[in-house]
Amino acid sequence: MKAIMKELRWMELPKGCKRTSTSIELPVPDGTLLDETPQKTLRMLAVSDEDFTFSFSTRIAQEGARCGLVVYQDSNDWFWASANRTAEGETLLSSCTAIHGHADLVEFPIATTGRETENDGTSGDSPKDIAWKLLRTGETLTAQYSTDGTDWRLARSFSLPSSKGSVSFGLLAGNGSGRKITMEFRSIAYRPEGKPCSAPSVADDAPKTSNATTALL
C-alpha cells in the first residue's frame, strides 16, 4: 500500500494563521459551527490508503466551539471527535459518525483527576489539553484520546464506505461561541504501520511565520 497524499492541505486558506515548526495557530471566526455536520469546520485534510497512525494535541474547545479530529469522505459519510468545556466547567467528549446521511452523536464526560481551581474559574479536575490519535487497520478506524499523553482511551471505532480504499483525515475547527477565537494544533504526526513517526508536510500555499524552519514540526 502507498500513501496518496500525506501532506495536510488547507480546505480554505485562513486569514491570520500563524505556523511555526511545531504548531498551527488558527483564528476561527464565529458562525462556522451550525450543526453536527463537519463541512464548515474542515480545516486541513490528508489522504492515505495504507494502515497508519495520525496524532496531534490541542486545547480543549470552549463552550460553543469544536476542535479536534475529522475523517471525511463526503457530505453523507464522515466522522469527527471533539472535547469541549461546558458552562458548568465539565469537559465533554463528543463524537459523531454519519453513514449514508444518518448521523449518530455520542457525548460523555471525560474522567480526570485533580482538585485545584484554575485562574480562569474552571475546576482543576478538568484538563486544558487533549491529545488525539487516529489508527487505521484495514477497514477499521479507531479514534483515541488522552488528557495526559500516556493513558489512551477509546473515543470510537468505526468504518466508512471509503475505508476499503483511500481515507481522508485531518483537523477540525468550528466556532459558534458568539465571538472570534483562536485554536492551536501541536505535535502533528503521521506514521505508516511499522515505520517511525514523522511529521506530515503542509501545502505550500499555507501562510507561514517568519521563524518557521520546516513545513511542520
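Rule-based calculations on the coordinates, nothing more; no lab input. Every value quoted in this text rests on a predicted model; they were computed, and no experiment measured them.
Annotations
- Its alpha carbons give the stretch 4-96 an Rg and a Dmax of 14.0, 44 Å.
- Flagged links, alpha-carbon separation over 20 Å, of K40/K180; K15/K128; K18/K180: K15/K128
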